[in-house]
Every structure is written in structure tokens, then in C-alpha cells.
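I have placed the structure first, in the form of C-alpha cells, so that the comments after it can refer back to it.
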Amino acid sequence: MPSQPPIPPLLSPYLSTAPSASLTLLTSTLGASTNWLVLRFIYAGLKNTSYEKDGSTKEYTENTRVVLVSWLRDGNFWKEGGRKLGINFQKVQIVYALSTGLGLGAGGLAEVETEILKAVATAREVTKENGEARVLLVLDGLDFLLAATGCATLEIMELVGAVREHVHSTLLTSSADLPFTQSPTTALEISHTAFVMGMAHQARIIMSVRGLDTGVARDVSGVLRICRGAGAGDEVDEGDGEVEERECLYFVGADGGVRVFERGA
Amino acid sequence: MSFRKRNIGLTSPSPLSTSTAQPSPTSTPGVRPSPLDGRPTTSTGTPSLDDLLAGHAGLALGNSLLIEENGTTDFAAALLRYYAAEGVVQGHTVLVVGVGEGWGRELPGLMGTGGKGEKEEQGGGGGDGGEKMKIAWRYERLGEFGTGGRTAGSRGGSALVLDISPPTPNRGPISPVKGQTEPTTPAAFTHSFDLTKRLTVSPGSITYIPVSPPPSSNPFSTIIPSLTRSLNSTPPTTIHRLIIPTLLSPALYPPHSSTPTHLLPFLHSLCSLLRSHPARLSAMLTLPLSLHPRSTGLVRWIEHICDGVLELAPFPHRVEVEPPSGKAGKGEGENPQGIVKVHKLPVLTEKGGGGGGGDDLAFSLSRRRFMVRKFSLPPVEGDQEAQRGEAKVDIEF
């Protein structure tokens, strides 16, 4: 694959800076991870560039910082993938939730909230001198915390609500495999379903990746479905425009480059 | 845009990925850099399993591999034993969870330690050769690594030659020159094992970590501290292999092990430990699916946390005795014994790439090896040309 643009053209309208206080939900399945998408959200967020529908770009003057909290991936993974894209990691505050087991210990969810808010404050601190501070919060794998601690779904959702108040926009990834949500019977499955559903109702956009329905292909990594979430309704007046729903295919190359294309293209 | 064109994407690895400095892996026995991106990999002890792992030609260190198995058989145990035996032979620190020392006494021995054995192994004749050809061909299919087709082809050739003589260390570290023509024999990356032989394991080379029995406590609480202690007390070049046989099996684990709040934090800290030792630690787990089916949320979480997930689905056991195969030179274990499903691959899936290659895969376990290969159904009825070799009766229409 001759080097791909960091942001696939088909995706650019969705990755442009999200409106204030919005939540974007990314869901993944076992063979199809959202990590590549998360990296592109961070890239687009830091670029301060709004991608218009006609392909043109508009620069923002605000300073954006990213706070990345990742429960299932370590910092090296993000940095390695991000460097290839050209993400400036001085602008990314990483909370190492994998190595510290954030939220799994005695501190519980209260500790998670404290840590996130601390990171958000640090990120703000840097941008304060340069004008308005915008923080994009990425919560990667928060659903794991729900499964591993057995805490109530409501508590996690309250946590999300609490930290969302302090940031410009939030990106949340969760797994949404069928075993979790198809016919929830165990406590783990029930709370997972409740969590994903609850977040989908709050989200402005839901982007779901899954494997190819028809089997494995060598030049397709999976299917990306973009839906309007239930949280999109009240924003139409602000002029952000409708979220265009679509389903397309994507391919992640060996070099980390990503192509997103329509079916049959 | 044609369907074909997308395939061109498999270019040579970006220099960026190799620049993530790893302590020169070539110096450590049993570790070699991945042909894809240079990250250190180690052998699972099963060459055809190594070849499955997304072109890295081995299990990338810092990663875990979960082998699930349907039914009451335990083919996965063979894979674990190869993995352990390979570790023992390479002088790695091998840690086994939950089982007693008897487990370590049943590791397969090295193949063909004498000249006679070698002769015997090579006596397979044409059929054997054909099999080797398949190995080479499999390499060709993995032509994604390196600088494209030419390298892959030559590497396939070297595998072809090396694999035929099991006693010699096959497939040494990858070098620009063909391995076997070098005057100094490179350190072996993987070995061949014989299930009928027993590996002599010097006492102390395998550490057994018990699962703590008290019903109130977390049964996994001893594992991570033991592993950390071992990692901290050994020089930074010591490679560790963690082996967890039949996770959650009631024979080894108390009933409350399957509580998500016990199991998932443990796997999470294991994942964390693997990531913080990206050049020293790898892990292999097996999980019997009969008690914990893949349709449950708990198993799905286990799969999410592990880096690679393979599922073995053995064919139903045939009661009638296999008629002796008509084909000369067809060695034992030629018939596939089950299907291998690739759900997730280390490194690749995390980056966003899809699951395994598109081929249907089958495995067969024989005295000499565990073999994963492409699976195709026997010729359909009526396909006379294909059937001629197998069936004697022609069907008339």
C-alpha cells in the first residue's frame, strides 16, 4: 500500500473536531479492534483541523490536548502506532491504566475519577497560556473495569458523566461482541449490555467495527458501521450538521496505514 | 478499483517499527527478530504453529497465546508441552501453573538424537518430501514479510532443506545468507520433539506455581507475585515462559475461579506484566471450552485480554480402526484430526488487522509432530479425476 493519508477521506467528516460536550462511542469485536480508529481520532483532534464534507479543511486556533486512559493497551503500543501517524505525544497525556491496574485495586472507581481529573487538569495547565483549553478524553476499554470489578453499571455511567463535565469531548471504546449482548444471562453480560446501551443513548456518533460477515479476506480487515447515536438529537441547531450514517470496509496494512472504502470499490 | 489491487499493500516493514530498540535479541538462545518488524520472537516448539502467527514466524515476546479446545480431548496439551520442552531445551525459565511435577516429567524428548533415528525419520520417502514441500509452500504464502516474494521464496527453500533432517537444529536465526551454508551453525530457534520420548528435565528448570486452595481467597493471587519474583531475580536476558494448562478446569481450579472478579484482574495483570517485559516473557494458556463455551461473556473477555486466540475443534472420534493407508510413504498422523480456527493473532489484531488468513486449517497430531496445515475436504462424489487415487469404484451416471 503506497503510504495512505493519515485520515482516510471517507472518515474525515466524522473525525473532525467533535462538538462540545459530545460523546463518541466506538465498539469493537474480538477480531476487529478499534485501536487504529482511536489513533486517528487523536491525530485529527490534535491537528485542530475540521474536515468539511467537500474534502476541504479548516484550521482551528484552539489548542487541543488529549487525555488517553487505556485499560487494555500499554503506552508503548499507542506511542508506536501514533508515531507512525505523526502524533505529537507531548500533547497526549497518557494514564497508564494497564500497568497500574487503575480501578481494580482498593481505590475502586473513585481512584479512576481522581486520576482522570488529575490528568485533565495537567493537560489544561499546559494549554492555559496559549489560550482556550480543549481536552479530548479517550477512555479505552472502560467496559473491562465493569467486568473485572463487578461494580454496578450505574456507578460506571456516573463516572463517565462526571469526567465528561470536565472535558471538551469524550471518546469511549467498548467491546460489543455477541456473547456480551445477545442473550445476557450472567451478571457480567447483563451489566455489559446495560453499559453499552446506555452509552449508545448518550453518544452522538457510534462507530462499530466487526469482522467481515462473509469470512476472512486478505484485503479487508473488517466492516465499519457509522450510526447516529441517541445523543445526537439536540445538536442539530448548533449547525454541526447531521451525522451521515454509512457502512464501509476498511483495511489495516502491515505498515499501519488504513484504507477505508465502500463495498465493491 | 479492482479487487486484486489492494493486495499490493504488503510493503516492506517501515524502518520506524524496527527502531523501537530491543536488547539485541539475536544474542539470546531461542529468540530471533521477527522478519516483519524486528520484534523479538520465540518459538512455540511447533513450527507450523509458529508459521501461523501473522508472519512473525514465532510468538512475539510480550504476548500471550490462548488455545481453546472443544470436546473432551486434550490436543492443546501437546502444544503446551512442545512449548515447555522448547523452553527447557533453550534454557528459558519455564513456569507452569496449577499442575504438579508429574506434568514436567511428560515433556516430549528431542527428536532423533542418534544417527539411526535420523535415518528412520528420513525414510518417509516421497510422501514425506511432499509434506516438506507443503511447509515450504506455507512459507511462500507468508510472503508478506521481508522484501517481498524473492526473500520469501529463498526462505522457503531453506526451510525445505533444514526441515528434512530433524536432528540438526532447523531454521536458525534469519540471516541474509541461507542458514545451513554458513560455516558456523547458528543457534537453533526451534527443535523437533518426539512424543514417545521423554525429555530429561533437570530438577529446578521448571517452576511449578500452585493455585492457592483456600476457598475464600483469590485462587490466582500467587501467580503474578511468583512470576514477578522470578523475572526480578534473574538477569535481564533470561527468557520466561508462563504456561497455564486447562484454565478453569475443575480438576485444577476451585469453583470460584471462574468468578470474573478473580479471573479477569489476574489476566489483566498478566497482560500488564507481559507488556512491561516485551523482550523476556511470553505465555501460553489453554482453555477447555466444554465447561466454558465461547458464547459466554466471561470467555469472550478472556479472549479479549489474550493476544492470540486459536480454537481447536477435533473431529468426532472414529470408532472403527483406520484401514492402512493405501498410499506408500504416507506417514502416521497424515489424516487431519480436527479444525483449527484462528480468532485473533498477536500483534496483528491489536493493530487492527483482521483475524487469520482466509484458509481453512486443520491439525494433526502424530508421534513426530503437531502439524497445522491447510484443510480441504476430500473430493466430492462424481469428481472422478480427483477420486481416482482414493476410491476404486467408479460411479456411473
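Structural remarks
- The one condition in (1) within 18 Å of the chain's Cα centre (by Cα); (2) modelled with pLDDT of 90 or more; (3) surrounded by 19 or more Cβ atoms within 10 Å (Cβ to Cβ); (4) more than 7 Å from every other protein chain (Cβ to nearest Cβ) that B:E303 fails to fulfil: (4)
- Subset of the range B:240-271 that is among the β-branched types (V, I, T) and within 9 Å of chain A (Cβ to nearest Cβ) - its residue that is surrounded by the fewest Cβ atoms within 10 Å (Cβ to Cβ): B:T259
- Filter pass, B:T228 being assigned to a helix (DSSP H, G or I) and either open to solvent by 40 Å² or more (accessible area, probe 1.4 Å) or within 23 Å of B:L264 (Cβ to Cβ) (or both): yes
- Across the range A:144-175, the qualifying residues are those that are over 18 Å from the mean Cα position of the chain (by Cα) and of a type in the set (S, T, Y), and the one among them that is most open to solvent (accessible area, probe 1.4 Å) is A:T149.
- Condition check for B:P29: in contact with a helix residue (DSSP H, G or I) (Cβ under 8 Å, 6 or more places away or on another chain), modelled with pLDDT under 90, over 21 Å from A:G81 (Cα atoms) and surrounded by fewer than 22 Cβ atoms within 10 Å (Cβ to Cβ): yes
- Close pairs (6 angstrom Cβ cut-off, 6 or more residues apart or separate chains): under 17 Å from B:P254 (Cα atoms) and within 14 Å of chain A (Cβ to nearest Cβ) in the range B:285-298, of a type outside the set (A, V, I, L, M, F, W, C) and part of a helix (DSSP H, G or I) anywhere: B:L298/B:P260
- Sole residue being outside any strand (DSSP E or B) and surrounded by fewer than 18 Cβ atoms within 10 Å (Cβ to Cβ), chosen from A:G231, A:G215: A:G215
- Residue that is nearest to A:A162 (Cα to Cα) [pool: residues in the range A:90-108 that are within 14 Å of chain B (Cβ to nearest Cβ) and in a helix (DSSP H, G or I)]: A:G108
- Residue that is surrounded by the most Cβ atoms within 10 Å (Cβ to Cβ) [pool: residues in the range A:183-201 that are in contact with a strand residue (DSSP E or B) (Cβ under 9 Å, 6 or more places away or on another chain) and away from chain B (no Cβ under 14 Å)]: A:M199
- Within the range A:234-255, restricting attention to residues that are buried (at least 18 other Cβ atoms within 10 Å of the Cβ) and acidic (D, E), the residue that is modelled with the lowest pLDDT is A:E235.
- Of all residues in the range A:184-212, none satisfies the criterion of being touching an Asp or Glu at 6+ places or on another chain (Cβ under 7 Å) and in a strand (DSSP E or B).
- A:V223 passes every criterion in (1) under 18 Å from A:W36 (Cα atoms); (2) more than 21 Å from the chain's Cα centre (by Cα); (3) not in a loop (DSSP other than H, G, I, E, B) apart from (2).
- Inside the range A:166-183, residues that are touching a residue at least 60 places away in the same chain (Cβ under 8 Å) and either in a loop (DSSP other than H, G, I, E, B) or in contact with a helix residue (DSSP H, G or I) (Cβ under 7 Å, 6 or more places away or on another chain) (or both) make up a count of 10.
- Filtered residues of the range B:272-288 (kept if part of a strand (DSSP E or B), open to solvent by less than 20 Å² (accessible area, probe 1.4 Å) and of a type outside the set (V, I, T)): B:L281, B:S282, B:A283, B:M284, B:L285, B:L287
- Hey, A:L159 in contact (Cβ under 8 Å) with a residue 60 or more places away in the chain and not acidic (D, E) or not: no
The values are calculated or read from the model by the stated rules, or taken from the named source; none is laboratory data. In this text, all values refer to a predicted model and were calculated from it rather than measured experimentally. Counting neighbours? That spans all protein chains shown, and the Cβs are built from the backbone with ideal geometry, glycine included. Remember, those area values only see protein heavy atoms, side chains included, never the ligands or the DNA or RNA. Shrake-Rupley method; radii C 1.70, N 1.55, O 1.52, S 1.80 Å.
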